[in-house]
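In what follows, a structure is listed as C-alpha cells, so that the remarks can point back to it.
The values are calculated or read from the model by the stated rules, or taken from the named source; none is laboratory data. Computed from a predicted model, the values in this text were never measured in an experiment. Virtual Cβ from ideal backbone geometry, glycine too; neighbours counted across all protein chains shown.
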Amino acid sequence: MFFKKKQNNKKDNKKKGKLSVSRGAVSESEKIYQKGIATVKDIIAPAALKISSNYLQVGEKFVKTLFVFTYPRYLQTSWLSPIINFDTAFDISMFVHPLESRVVLKNLKKTVTQIESQISINEEQNKVRDPILETALQDAEELRDRLMQGSERLFQFGLYITFFAESLKELDEISSRVEGMLETRLVYAKPALFQMEQGFASTLPLGNDELMIGNNMNSSPLSTTFPFVSSDLTSNQGILYGINRHNNSLILFDRFSLENANMVIFGKSGGGKSYAVKLEILRSLMLGTDVLIIDPENEYKHLTETVGGSFVKISLTSKYHLNPFDLPTPLEDETAADILRSHIAGLIGLVKVMLGSLTPEEDSILDKALTETYALKDITPESNLKKITPPTMQDLQTILDNMDGAENLSLRLRKYTEGIFSGFLNNPTNVDVDKNLVVFSIRDMEEELRPVAMYVILNYIWTLVRSRLKKRILILDEAWWLMQHEEGAAFTFGIAKRARKYYLGLTTITQDITDFFSSRYGKPIVTNSSLLLLMKQSPAAIDIVSDTFFLTNEERFLLLESNVGEGIFFAGLKRAAIKIVASYSEDQIVTTDPAQLLEIKKAKKELAQK
C-alpha cells in the first residue's frame, strides 16, 4: 500500500511540474504581449523630455514653473483674476493642506508671548515703539480669537504656475509678465530653479505636491484665491446678448448705461450678424425701446410682421415718400436758427451724394439756393417751426433755374425732379412712424440710388429723433454702402457723435470691413461706439480687424475658427468670447435661414387653410 501511494505521489509531482512549466510559459508570453499594447501613458506621453535648471522641453514646447513664496498682509478679492484671464497656455495648481487648530493655537500662544516680551523689553530700554511688533501682536491675537471661535482655520497654501511657449525667448517674456502682474499686487513669485521637473509634475492633474512650498494662510485670505473667475459682462439690468464662452455665464448688458449707446458689428456673410441684431431688437422692444432700421435686403420683414411693426418700402414706384426738406421741432435748448443751419448742411451733403462732387462755386451757390428755398415757404431763422409747410425738391429746382451760375446744378438735379428719379424725392412725407418698430426697406431701389436712399432715410430718422426725445435704437445695416461716399460717411459719424444727446443708440453693421475703414470716418465711428461685436472673420480681413482692435493671436484664431453665432463682445474696456443663443420661439421669429423661413410660411399657409 505504501509503495503504491509513493507511486501516486510521483505521478502527482510530475503533473505539478508540467503545470508549473506551462504556467511559466504563459506568464512570459503574457508579459511579451502586454509590452506591445499601447496604454494611455504611451498615447499622452511626449516623444522626448529635456530637463534643464530653469526650464523643461516637452516635445517642441518649452515649459517653466513659477511658485509664489510671499503674500501681502491683505489680499483683495479676485486678485488672481489677471493671471486666470492671461491670454496664453498655462496650468495652475493650488495645494491646500489644513493644519490642526490645536497645534496652531499652541504655537500662536508662544508667538504672542515672545512678541509681548520683546515689546516690554523695548519699553524698559526706553526705545521708540516698533509698529511692526505691534501689528504682528494684533494679527496674532485676532487670529487666535477666530480660531478659538471656529470662524477661521489655518492652512498651508501652495500656488504653482506652469507656462508653455514655442521658444525660450517667449517663455522668458511670459514669465516676466506674470511676475510683473503678481508684483503689482505685492505677491512675489520666482522660478523653481533645479526643480523644474518637480514643478511640472506638481501642476499636472495628478494631485501630487512635489515642490512642497507653502505659506500659512487662514480662511479669509485663502478665499480670495478662488480660481473660477474670468471676464465678466453681467450687469443688473439690460438684455441678454449671449453666453460668455469663458465661463458659461450670461452676458446681460444695458447699452444705454455706458458713455454712449452706439454699437458696431463686423463679420463675414453668414456669420450670424443679422441673427444677433434681431435678437437684440426683439428683447429691446420688450423693455419699451423703439427701434428704427434701414434694411437693404428685406431681412427684417418677418420680424416686423410678427411684432406688428411698420414695414416701409422705399423705391421709385413705392407709395411711401420721404421729403428730405422736413425740419425737426426744436427741443428746449435749441433755436430755429440752429435747426435750419444744421439741416441745410445735411441737405448739401445729400445733394453731393446725388450729383457727385461739386466745385467750390457750386457749393456756395447750393448753400444760397437752399436758404432761399426755405425762404420761399416763409421759413427763416425767426420762424416757428411747429407751423410750417416744408418745401420739396421741385422748389429747389425752381430757385436754381432762376439763379445766375446755377445752370449746371439745375441741369444735373432735373432727373430727380422731372426725370426717372422724380418719384423718389419730390413728394411730401407720408410715412407712419407711430409703431415701436419701423423698418425702411431699400431692397428694390436701384443700386446707384441706394446710397442716396440710405442718406435720405437716415436724414429723416435724425429729424424724427431730434423732434421728440425718446429711448431709441437706430440700426444701419450694410453701412459700407453709405461709407463709400464722403458726405454719407460724415453724416453717419455726426449721428454717432451726437446720438447720446437725443437718447439714441446707433448700431452700424457691415461685412465689408475694408470699404468701411477706407473712409476717414470709419475709425472715428468705431471709437465713438462703446459696444462692439466681432463675428466670424475672413482671412483677408483679419489683419485689419486685428490691428484696429489690438487682438491677441488667440483672439485672431477664435474669430477665424468661430462657428455661426460666435465671436467677441466688447463693452467699454471689457471683452469676452460670446455665443449668441435664442429660445425656440425667438428663433422662429428672428431666423434668417431661407429653408426655415419657407417652412414657417408653409406652416402659416396650412394653418390659414384649416
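Tabulated values for the structure
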{"item": "Residue check for HIS321: outside any loop (DSSP other than H, G, I, E, B), in contact (Cβ under 8 Å) with a residue 60 or more places away in the chain and out of contact with any strand residue (DSSP E or B) (no Cβ under 9 Å at 6 or more places or on another chain)", "result": "no"}
{"item": "Residues located in region 274-318, provided they are part of a loop (DSSP other than H, G, I, E, B) and under 30 Å from ARG341 (Cβ atoms)", "result": "ILE314"}
{"item": "Residue list for region 70-87, restricted to those being farther than 16 Å from PRO227 by Cα and surrounded by 14 or more Cβ atoms within 10 Å (Cβ to Cβ)", "result": "TYR71"}
{"item": "Residue that is farthest from GLU173 (Cα to Cα), among those in region 43-81 that are modelled with pLDDT of 90 or more and of a type in the set (S, T, N, Q)", "result": "THR70"}
{"item": "Output for region 93-126, where each listed residue is among the acidic types (Asp, Glu) and touching a helix residue (DSSP H, G or I) at 6+ places or on another chain (Cβ under 9 Å)", "result": "GLU116"}
{"item": "Residue match in region 345-361 (condition: touching a Gly at 6+ places or on another chain (Cβ under 8 Å), touching a residue at least 40 places away in the same chain (Cβ under 8 Å) and surrounded by fewer than 18 Cβ atoms within 10 Å (Cβ to Cβ))", "result": "yes"}
{"item": "In region 438-461, residue modelled with the highest pLDDT [restricted to those that are in contact with a Gly (Cβ under 9 Å, 6 or more places away or on another chain) and surrounded by fewer than 23 Cβ atoms within 10 Å (Cβ to Cβ)]", "result": "VAL438"}
{"item": "Residues satisfying the stated conditions in region 511-533, i.e. of a type in the set (Val, Ile, Thr) and modelled with pLDDT under 85", "result": "ILE513, THR514"}
{"item": "Any pair with Cβ under 7 angstrom, 6 or more apart, that starts in region 242-254 at a residue that is under 16 Å from GLU280 (Cβ atoms) and in contact (Cβ under 8 Å) with a residue 40 or more places away in the chain and ends at one that is basic (Lys, Arg) and in a strand (DSSP E or B)", "result": "GLY242/LYS579; ILE243/LYS579"}
{"item": "Matching residues in region 400-442 - criterion: being more than 30 Å from LEU292 (Cα to Cα) and polar (S, T, N, Q)", "result": "ASN402, ASN408, SER410"}
{"item": "Yes/no for GLU487 being in contact (Cβ under 8 Å) with a residue 40 or more places away in the chain and on the phi > 0 side of the Ramachandran plot", "result": "no"}
{"item": "1 or more residues without any contact (Cβ under 8 Å) to a residue 12 or more places away in the chain, closer than 23 Å to ALA192 by Cβ and not small (Gly, Ala, Ser): qualifying strands (runs of 3 or more DSSP E) within region 29-105", "result": "49-51, 56-58"}
{"item": "Residue that is closer than 22 Å to ILE495 by Cα and at pLDDT below 90, where the choices are THR359, THR335, THR389, THR380", "result": "THR335"}
